[in-house]
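The values are calculated or read from the model by the stated rules, or taken from the named source; none is laboratory data. Just so we're clear, the structure is a prediction, and the values are computed from it rather than from any experiment. Every residue, glycine among them, receives a Cβ derived from its backbone with ideal geometry; neighbour counts consider all protein chains shown. Each accessible area value is taken on the protein alone, full model and side chains, heavy atoms only, with ligands, DNA and RNA left out. Shrake-Rupley method; radii C 1.70, N 1.55, O 1.52, S 1.80 Å.
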Amino acid sequence: MKPSRIMKLAALALPLILVACGTQKKAVKDVKTTTPTEMKSQQFLQKVNDNAQYTKFITSKVKFSVEVGNQQLTLTGNLKMKRDDVIRLQLMAFGFVEAGRLEFTKDYVLIMDRINKQFIKASYTQLDFMRNSGLNFYSLQSLFWNELFQPGKSKVSDALLSNYQTDLFGEDAIISMENGKLSYRWLADKEGALIKMANIMYEDKIRGNYQLNWDYEDFRANGKKQFPHAHKIQFNTPDKAIKMGMTLNYLGNDEEWETRTEISGKYREVTVDEILRRFMAL
């Protein structure tokens with residue numbers, strides 16, 4: 001890893017001292033004149049927010065990899081997303097047999113093992129990290145779509161941009177937000193205002209820390225906007241680390257597909273760990 005990237009990661013992981021004072025300063029900020037630095041930060045945040053995709057659908061062929069401990073698995077598949085409705089990742093074995101499916105809607109997460117006819121369907125509050133981190137469908141959607149988010153909100157309006165802290169003094173801009181045990185960080189390219197990394201940390205001295213880090217690379221045009229074709233994801237829990245990668249090919253905006261998966265009565269409901277063990281054995 002290059003020294004510059006190590007420094008960026010460190011900057012994302014370390015709490016920003018100024019954030020702790022953010023709530024106390026806000027009341028004063030509302031009644032005093034906006035400084036040039038604050039204005040520049042808001043203009044940059046507006047530019048980042050304006051980089052959000054216009055399209056309602058994003059579809060692509062995908063190469064997907066997952067690493068848990070010393071086990072590794074690489075599959076091809078399809079990514080299909082409809083804004084504010086569903087995110088679906090279909091994973092293929094041997095290039096033509098659907099081995100698994102991950103489907104995220106506003107109400108539930110569905111994980112299917114097609115080969116062994118097993119599935120798990122759960123609300124976001126039933127999944128430890130999603131519940132602890134305050135993430136819901138909309139924030140997860142923002143991670144897939146390379147956008148800013150605020151927990152509990154369906155989108156980031158211009159009025160919500162004042163909730164972020166922005167550091168423009170380094171090579172890249174660091175955008176951050178704090179909420180109790182939770183910290184959210186984004187690393188953005190100062191020139192193009194493109195999000196290059198997102199980081200979510202949940203700190204718990206008793207149960208341990210959870211952290212999600214999402215890197216974006218290889219930006220290419222999707223209409224008039226730029227979209228990352230390489231996603232590198234690392235999820236750390238107190239017990240394990242899971243690394244995932246997605247490489248997108250033939251990015252498009254296909255609208256002709258069913259947005260919900262029907263579960264056959266032939267499928268058996270199991271735990272997440274059981275499904276993971278099955279996938280890693282492919």
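What number comes out for the charge environment of residue 248, summing +1 per Lys or Arg and -1 per Asp or Glu over other residues with Cβ under 10 Å away?
Overall, the nearby charge balance is +2.
Below 10 angstrom from the Cβ of residue 232, what's the summed charge of the other residues (Lys, Arg +1; Asp, Glu -1)?
-1
If R₀ is 22 angstrom, what is the calculated FRET efficiency for the pair residue 154 and residue 254, using the beta carbon separation as r and rounding to 0.05?
The calculated FRET efficiency here is 0.40.
How charged is the neighbourhood of residue 142? Take every other residue with its Cβ under 13 Å from the Cβ of residue 142, and add Lys/Arg as +1 and Asp/Glu as -1.
Once positives and negatives cancel, what remains is +1.
Could you give each residue of region 197-203 its phi-based ³J(HN,Hα) in whole Hz, using Karplus coefficients 6.51, -1.76, 1.60 with θ = phi - 60°, and x for Gly or Pro?
Using θ = phi - 60°, the values come out as 7, 10, 9, 10, 10, 10, 9 Hz.
Over region 98-254, give the accessible area per residue in Å² for a 1.4 Å probe, as an integer.
For region 98-254, the per-residue accessible area is 44 Å².
Quick one: dipole size for region 53-118, taken about the Cα centre, charges +1 on Lys/Arg Cβ and -1 on Asp/Glu Cβ, in debye to the nearest 20.
Dipole about the Cα centre, nearest 20: 260 debye.
Could I have the simple spin-label model distance between residue 204 and residue 169, label points 7 Å from Cα toward Cβ, reported in nm to one decimal?
The answer from the label model is 3.5 nm.
How high is the FRET efficiency between residue 179 and residue 61 when r is their beta carbon distance and R₀ equals 45 Å, given to the nearest 0.05?
Calculated value: 0.75.
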